[in-house]
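This report concerns only the one structure given below.
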Amino acid sequence: MNLVVALLLAIESSCDETAVAIVRGSVGQATEVLASEISSQIPLHREHGGVVPELASRNHSLHLRGLVEKALADAGVAMGEIDAFAATTGPGLASSLLIGSTAAKGMACAARRPFLGINHLEGHLLSPFLDQTQVPPHTALIVSGGHTLLLDVEGPGRYQKLGSTRDDAAGEAYDKVGKMLGLPYPGGPEIEKVARGGNPRAYDFPRSMLHEPHLDFSFSGLKTAVLYTLQKEKGQLPLADLAASFQQAVIDILVQKTLRAAQQTGRRQIALSGGVSLNQALRQAFLVAGDRAGLEISVASPVFCTDNAAMIAFAALLRHLAGESSPLGGDIHPNLPLV
Ligand code: KG4
Ligand code: ZN
C-alpha cells in the first residue's frame, strides 16, 4: 500500500443526496478532487414536503452504481488503483447509511483494500480545508439541516464540543419556516432568495439564548415567533420582510455566538461548513464581523457546503494517511456524535 500519495473513493448517502467522490492526496499537500458526483433527490422529496426515508434509500441503491462508474471515468482512474474505500456511517437515516456503507465495504472487500467509516459531521467540519495543505487550529461552526454545532478544533481528529442546538438545527428552522411561508422544500435556499427583496429589520424576532453565558443555541422560539406573526398578519403576506427578518435573527445568533466561542478559546480563525453556510448573507455577515474582530474566516467552497462525497473522501484521506482503517464488520450509527 502506498501511504505517500493515496487515491480514495468515498460514498455519501446519509440523507437525500447520493454522492461518490475520488480524491488524491498526501501529507502536507493540497488534496485534489478528481471527481465529485451527486445525484440529488430533492425533486423527489419536494412533493412530500420533506425527506421520506424509504424513498431515499431505494434511490440511493438505484443510483450508486452509475455514480461510481461516472466518478471513475471522470477521474480517469481504474477501480484497481483505488487505495482505500470510505463511506459515511453516521449520523443519518439508518436505511440510507446502510446502502452507501455496504457498497463501499463490498468494493473494499473485492479490491482487498482498507475501508474507512466516516462521521458525516467530520466531513462537513473539514470541508473548508479541502483545498488547503493543512487543517489549522480554529473554531468550527457546522450549520446544516440536522446539526448546529460549535467546536474547538486543535487539528484533524482533535475536536472539543463548545455548544450545540438544544432544539431545532438552523437548517431545520429554515426548512420549517419555509414551509410556513408556503415555500418549496428545502426552505433554506428559498428563504434566502425571497429575503433579498425584504427589510431585515421589519420584524423584531427573538434572538434566543444570545445573552446567556453558554454557547448553546435555540431556534424553536424564533420559529414559533414567525408562526404567531403569520397568524396575526391579515391581507397580503409581507413574505420578503418576514423571510429577511427571520434570516437576520438566525445570522445574528450564529455570528455572535461563534465569535464569542473564538474569543473564549483564543482561536484566531473561524471555519463555517454545512448546508446553511451556503447562505450568502450569512457568509457576508461572518466576513464583516471577522474583519472587525481581527479573525480569519474560512468557508467551504459552495459546492462542498451541502452534502457531497468529496468532504467524506477528504476526511477519510487524512485518516488513511495517518494509518487508520475501520473494521468491515462495523455497524452504521444513525445518532453518531462527533465528540
Ligand atoms: O449539509 P446539508 O446539505 O445536509 C445536512 O447534513 O443536513 O444541509 C441541508 C440544509 C437544509 O436545511 C437547507 O435548507 C439548508 O441546508 N440550506 C440553506 C441554504 N442552502 C441549503 N440554508 C440557508 N440558506 C441557503 N442558501
Ligand atoms: Zn450534511
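The values are calculated or read from the model by the stated rules, or taken from the named source; none is laboratory data. Keep in mind that what you see is a predicted model, and the values were worked out from it rather than measured. Neighbour counts are summed over all protein chains in view; Cβ atoms, including those assigned to glycine, are modelled from backbone coordinates with ideal geometry. The protein model used for the area step is the full one, side chains on, heavy atoms only, and it has no ligands, DNA or RNA in it. Shrake-Rupley method; radii C 1.70, N 1.55, O 1.52, S 1.80 Å.
A compact table of results
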item: Exposure of residue 4 as accessible area (Å², to 10), given a probe of 1.4 Å and all protein chains; result: 100 Å²
item: Convex hull projection area averaged over all views, the chain, Cα basis, nm²; result: 16.6 nm²
item: Relative contact order computed over the chain (Cα-Cα under 8 Å; 6+ residues apart), in percent; result: 24 percent
item: Karplus (6.51, -1.76, 1.60) ³J(HN,Hα), θ = phi - 60°, over the stretch 157-174, in Hz, Gly and Pro reported as x; result: x, 10, 10, 10, 6, 9, x, 7, 6, 8, 9, 6, 6, 4, x, 5, 5, 4
item: Solvent-accessible area per residue for the chain (1.4 angstrom probe, square angstrom); result: 42 Å²
item: Cα gyration tensor, the stretch 138-300 - rounded (a/c under 1.5), prolate or oblate; result: prolate
item: Candidates 60, 211, 320, ranked by Gaussian network fluctuation over the chain, Cα under 10 Å, top entry; result: 211
item: Residues with amide H under 5 Å from that of residue 162, placed H, sequence gap 5 or more; result: 150, 151, 152
item: Accessible-area order (highest first, 1.4 angstrom probe) of the listed residues 62, 150, 336, 287; result: 62, 287, 336, 150
item: Per-residue SASA entry for residue 152, accessible area with 1.4 Å probe, Å² rounded to 10; result: 20 Å²
item: DSSP-defined antiparallel bridges as percent of all bridges, the chain, nearest 5; result: 60 percent
item: Accessible area of residue 298 in the full protein assembly, 1.4 Å probe (Å², nearest 10); result: 20 Å²
item: Calculated [θ] (222 nm, deg cm²/dmol) that DSSP helices of n ≥ 4 give over the chain, each run adding -39,500 (n - 2.57); result: -13000 deg cm²/dmol
item: Residue 284-residue 210 FRET efficiency (beta carbon distance; Förster radius 22 Å; 0.05 resolution); result: 0.65
item: Hz values of 3J(HN,Hα) by residue in the stretch 104-116 - Karplus curve (6.51, -1.76, 1.60), Gly and Pro given as x; result: 5, 5, x, 5, 4, 5, 5, 8, 6, 10, x, 10, 10
item: In the stretch 207-242, the trypsin sites (Lys or Arg not before Pro) that fall in loop regions by DSSP, at most 14 other Cβ within 10 Å; result: 234
item: 311, 209, reordered so the largest accessible area comes first (probe 1.4 Å); result: 209, 311
item: Largest-first principal axis extents, alpha carbons of the stretch 85-139, Å; result: 37, 27, 13
item: Karplus-derived HN-Hα couplings along the stretch 76-88 (A = 6.51, B = -1.76, C = 1.60, θ = phi - 60°), whole Hz, x at Gly and Pro; result: x, 10, 8, 3, x, 8, 5, 7, 7, 10, 9, 8, 6
item: Amide hydrogen neighbours beyond the local backbone of residue 34, cut-off 5 Å, H modeled; result: 22, 23, 24
item: With Cα atoms, 0 to 90° folded angle of helix 280-293 axis to the chain main axis; result: 90 degrees
item: Loop trypsin sites (Lys or Arg not before Pro), the stretch 105-203 (other Cβ atoms within 10 Å of the site Cβ: 11 or fewer; DSSP); result: 112, 201
item: Positive-end extreme of charge dipole, the stretch 230-338 - chosen from 249, 304, 276 (charges on Cβ); result: 249
item: Assigned charges on the beta-carbon of Lys, Arg, Asp, Glu; the chain dipole about Cα centre (debye); result: 380 debye
